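> The structure's right below; bear with me while I get my questions together.
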């Protein structure tokens, strides 16, 4: 498990309280320093997103069809692991294309879920770091461009003054 300054915080979005409790218990056993919050709808999840390190998402929820849950994934600022009984290839591909970083089928071993969460968090970190480096590089290039423009304007003004 990656090092954290705090216990791993998982937001589980699952409408079956039995599945949620089972998943919460299994993850707590595997991630000895883990906190889980379980909610049953996407609407209930929103206030917990800032708190969470990762999201475990069931696709069929009281307030969302699988398509709506998949459409929600790119709006989530945290790494998302889909946990669904749906094994249809098109659904798995749609979730991946939407940005889910892992897809674990219900009934899989707890070890598969643990690996799924760890992989999703590592991938999210890697992508975030790459984005930060890219953004820094872009800001640096824009700053250099501004300096070059300023220098060109100064030379043009000096050149204009000397010809008058």
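The values are calculated or read from the model by the stated rules, or taken from the named source; none is laboratory data. These numbers come from a predicted model, not from an experiment. When we count neighbours, we look across all protein chains shown, and the Cβ atoms used for this are built from the backbone with ideal geometry, even at glycine.
> Looking for something surrounded by 10 or more Cβ atoms within 10 Å (Cβ to Cβ) and on the phi > 0 side of the Ramachandran plot - is there at least one such residue anywhere in the stretch 100-108?
The answer is no; no qualifying residue exists.
> In the stretch 86-103, which residues are touching a residue at least 24 places away in the same chain (Cβ under 8 Å) and over 13 Å from the mean Cα position of the chain (by Cα)?
Answer for the stretch 86-103, where residues must be touching a residue at least 24 places away in the same chain (Cβ under 8 Å) and over 13 Å from the mean Cα position of the chain (by Cα): 86, 91, 94.
> In the stretch 80-94, what count of residues is obtained for those that are crowded, with 16+ Cβ neighbours inside 10 Å and not in a helix (DSSP H, G or I)?
Count: 6.
> Filter the stretch 32-59 for residues that are surrounded by 19 or more Cβ atoms within 10 Å (Cβ to Cβ) and in a loop (DSSP other than H, G, I, E, B); which is nearest to the chain's Cα centre (by Cα)?
Within the stretch 32-59, the match that is nearest to the chain's Cα centre (by Cα) is 53.
> Which condition number in (1) within 12 Å of the chain's Cα centre (by Cα); (2) at pLDDT 95 or above; (3) assigned to a helix (DSSP H, G or I) is the one that residue 125 fails?
Among (1) within 12 Å of the chain's Cα centre (by Cα); (2) at pLDDT 95 or above; (3) assigned to a helix (DSSP H, G or I), the lone unmet condition for residue 125 is (2).
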